[in-house]
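The values are calculated or read from the model by the stated rules, or taken from the named source; none is laboratory data. Given the structure is predicted, the values throughout are model-derived calculations rather than measurements. Virtual Cβ from ideal backbone geometry, glycine too; neighbours counted across all protein chains shown. In case anyone asks, the SASA skips ligands and DNA or RNA and just uses the protein heavy atoms, side chains included. Shrake-Rupley method; radii C 1.70, N 1.55, O 1.52, S 1.80 Å.
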Amino acid sequence: MDVYEAVTSRRAVRAFTDRPIPKEVLERVLSAAAWSPSGSNLQPWHAYVLTGAPLAELKKRAGERVAAGDPWDEEEYEMYPPALKSPYHERRSGFGKQRYGALGISSEDWEARQRAAAANWDCFGAPAALFCYIDRDMGPPQWADVGMYLQTVMLLLRAEGLHSCTQMAWAKYHKTVAEILSPPDELILFCGMSIGFEDVTVSQARLGRAPLDETVRFVEG
């Protein structure tokens with residue numbers, strides 16, 4: 001798979017089979033992803049990979065919290081600005097319409113949307129999950145470095161025939177994740193990432209992208 005194919009075929013997959021992933025494949029992906037760029041080579045990412053019984057236990061505990069109606073943990077970072085301006089507000093609204101529309105869920109059916117969102121805590125059935133942390137005292141440039149690392153991981157997963165879904169949602173249950181992973185106190189959970197083979201029997205929306213002239217300006221001589 002060439003780079004262009006990896007980039008254009010990568011998408012947030014929200015339905016996986018339970019087919020296991022050989023550990024050597026994950027090791028190969030993460031060893032290569034270590035070459036991701038970072039300012040002054042800080043490499044500010046801290047990744048934990050869960051499979052098997054530990055992942056099953058995390059899914060169980062998160063599912064129990066959902067069933068009990070537990071409130072989310074206090075936020076440790078702001079996921080979105082409180083008021084998204086145009087065009088970002090429209091793009092986010094469009095995402096919701098496409099995602100839930102593909103599931104046959106109307107915008108007014110809040111309960112059905114909540115049930116669909118609860119699949120986050122099962123990692124959408126994936127047999128592996130990565131949880132990415134960063135030191136609390138790092139700044140925006142280092143968070144950008146972590147983003148580049150995660151993108152590199154996702155593209156390498158495509159080269160292995162695997163799919164993924166990054167999930168900031170796990171930051172809402174960061175205390176439950178910490179019960180399983182026991183990360184140092186100085187680390188903050190940025191996101192989880194479900195990893196596995198796509199369940200092609202489940203219909204999933206392929207979200208579009210803004211046209212090039214909406215996001216790119218060529219300044220030519």
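Before moving on, here are some points about what is shown:
- Scope segment 56-94; condition open to solvent by 60 Å² or more (accessible area, probe 1.4 Å) and among the aliphatic types (A, V, I, L, M); matching residues: ALA67, ALA68, ALA83
- Test: residue in segment 154-165 that is more than 26 Å from THR17 (Cβ to Cβ), at pLDDT 95 or above and not polar (S, T, N, Q): no
- Taken over segment 132-166, the criterion of being part of a strand (DSSP E or B), of a type in the set (A, V, I, L, M, F, W, C) and in contact with a His (Cβ under 9 Å, 6 or more places away or on another chain) is satisfied by CYS132, ILE134.
- Condition met for ALA12 (surrounded by 14 or more Cβ atoms within 10 Å (Cβ to Cβ) and either without any contact (Cβ under 8 Å) to a residue 40 or more places away in the chain or within 15 Å of LEU150 (Cβ to Cβ) (or both)): yes
- Against the criterion of being touching a Leu at 6+ places or on another chain (Cβ under 7 Å), touching a residue at least 12 places away in the same chain (Cβ under 8 Å), among the hydroxyl-bearing types (Ser, Thr, Tyr) and surrounded by 15 or more Cβ atoms within 10 Å (Cβ to Cβ), THR152 does not qualify.
- Scanning segment 167-221 for residues that are assigned to a helix (DSSP H, G or I) and among the acidic types (Asp, Glu) returns GLU179, ASP213, GLU214.
- Considering residues of segment 130-149 that are open to solvent by less than 40 Å² (accessible area, probe 1.4 Å) and not hydrophobic (A, V, I, L, M, F, W, C) only, the residue farthest from ALA32 (Cα to Cα): GLY139
- Residue list for segment 15-34, restricted to those being among the basic types (Lys, Arg) and either under 17 Å from ALA126 (Cα atoms) or exposed (fewer than 11 other Cβ atoms within 10 Å of the Cβ) (or both): ARG19, LYS23
- Every listed requirement among (1) at pLDDT 95 or above; (2) over 27 Å from ARG136 (Cβ atoms) is met by LYS59 save one, (2).
Every residue, every condition in (1) under 17 Å from ALA178 (Cα atoms); (2) without any contact (Cβ under 8 Å) to a residue 12 or more places away in the chain; (3) among the charged types (D, E, K, R), yes or no:
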| position | (1), (2), (3) |
| --- | --- |
| PRO37 | no, no, no |
| THR51 | yes, no, no |
| TRP72 | yes, no, no |
| GLU76 | yes, no, yes |
| TYR80 | no, no, no |
| LYS85 | no, yes, yes |
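- Scan of segment 38-52 for residues that are surrounded by 13 or more Cβ atoms within 10 Å (Cβ to Cβ) and aliphatic (A, V, I, L, M), ordered by number: ALA47, VAL49, LEU50
- Residue ID - surrounded by the fewest Cβ atoms within 10 Å (Cβ to Cβ), chosen from residues in segment 155-206 that are acidic (Asp, Glu) and free of Cβ contacts under 8 Å to residues at least 60 places away in the same chain: ASP185
Each row is one residue, and each column tells you yes or no for (1) open to solvent by less than 70 Å² (accessible area, probe 1.4 Å); (2) farther than 26 Å from ALA205 by Cβ; (3) among the hydroxyl-bearing types (Ser, Thr, Tyr); (4) at pLDDT below 95.
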| position | (1), (2), (3), (4) |
| --- | --- |
| SER36 | yes, yes, yes, no |
| PRO54 | yes, yes, no, no |
| GLY96 | yes, no, no, yes |
| ARG99 | yes, no, no, yes |
| LEU103 | no, no, no, yes |
| GLY125 | yes, no, no, no |
